[in-house]
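Coordinate-derived values only; no laboratory data. Since the structure is predicted, the reported quantities are computational estimates derived from the model, not experimental observations. In this analysis, Cβ positions are derived from the backbone assuming ideal geometry, glycine residues included, and neighbour counts consider all displayed protein chains.
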Amino acid sequence: MGVFSKLLEYLFYSLQETQMISETDILVRILIATALGAVIGFERERQNQPAGWRTHIVLVVGATLAMTLSINLAMQFHQYAPNGDPARLAAQVISGIGFLGAGAILRYGPNVKGLTTAASLWTMAVVGLAVGAGYYIPAAAATGLLLVVLELLDLAEKKLFGPDLAVTVELHLQDRPNALKDINKIWKKHKLNAKIVSIRKNIKNKRLEVEVSFRSRKTDLYELITTEMNELEGLESFKIS
């Protein structure tokens, strides 16, 4: 406890200083940022996300260094540019993180993964800026809250609503009147918000290829769809993925 209390005293004392951030303070802030980034990065790594432990740590450390550098440069050249904005350099982190977040979003047909990870990357960039500016408690609180949202609310959502399934159905059937209408009746019967992704029509062979996608939390979804598809008139084959 003695070492911990001295560390807290040192950190809060450094916040009262109006001079440039020392190299020791910068190193301490980088270590704090590393710890906070590791917490969220480890959780994302456990979820097998493309942006995991290393990505979050590297990101938050970079944001922290950008913030401390921005503050020091503003103070160092204050006499030459008294109206200089100490947040200008750090602000570019927020705009630049969009490219990294976009890389974390993956799309497989109707399935989209990585939105939560992209949001966590953006949030941790802001946490890194907060640590770099010396706001340790808000940064730690934001990290803790983010961990609760990612871990506990994910479990609660699955327990209350079940897993959110993204489904694609490919149907091969005879081209006949009201074929699409009969297909839509299946989705309406089970209250599924289905969208027709594509329709291919072979005029010579009088065949239809229809691809439909939707999302649902019904646990018996595949069984229901299979039963309905087998009763569809003119159906030759179908694939559910």
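Amide H neighbours of MET20 under 5 Å, counting only residues 5+ apart in sequence or on other chains, H built in-plane at 1.01 Å?
none
Please arrange PHE77, PHE214, PHE42 by counting, for each residue, the other beta carbons lying within 10 Å of its beta carbon, fewest first.
Ranked by crowding around the Cβ, least crowded first: PHE77, PHE42, PHE214.
So what are the ³J(HN,Hα) numbers for region 26-36, from phi and the Karplus equation (6.51, -1.76, 1.60; θ = phi - 60°), rounded to whole Hz, Gly and Pro as x?
4, 4, 4, 5, 5, 5, 4, 4, 4, 5, 5
I'd like the distance separating the alpha-carbon centroids of region 169-241 and region 36-61, in whole Å.
Taking the Cα centre of region 36-61 as reference, the centre of region 169-241 is 40 Å away.
Please rank ILE203, ILE40, fewest neighbouring Cβ atoms within 10 Å first, as an exposure proxy.
The fewest-first ordering by Cβ neighbours comes to ILE203, ILE40.
Near ASN184, within a Cβ-to-Cβ distance under 15 Å, what is the net charge of the other residues, with Lys and Arg +1 and Asp and Glu -1?
Around ASN184, the charge tally is +2.
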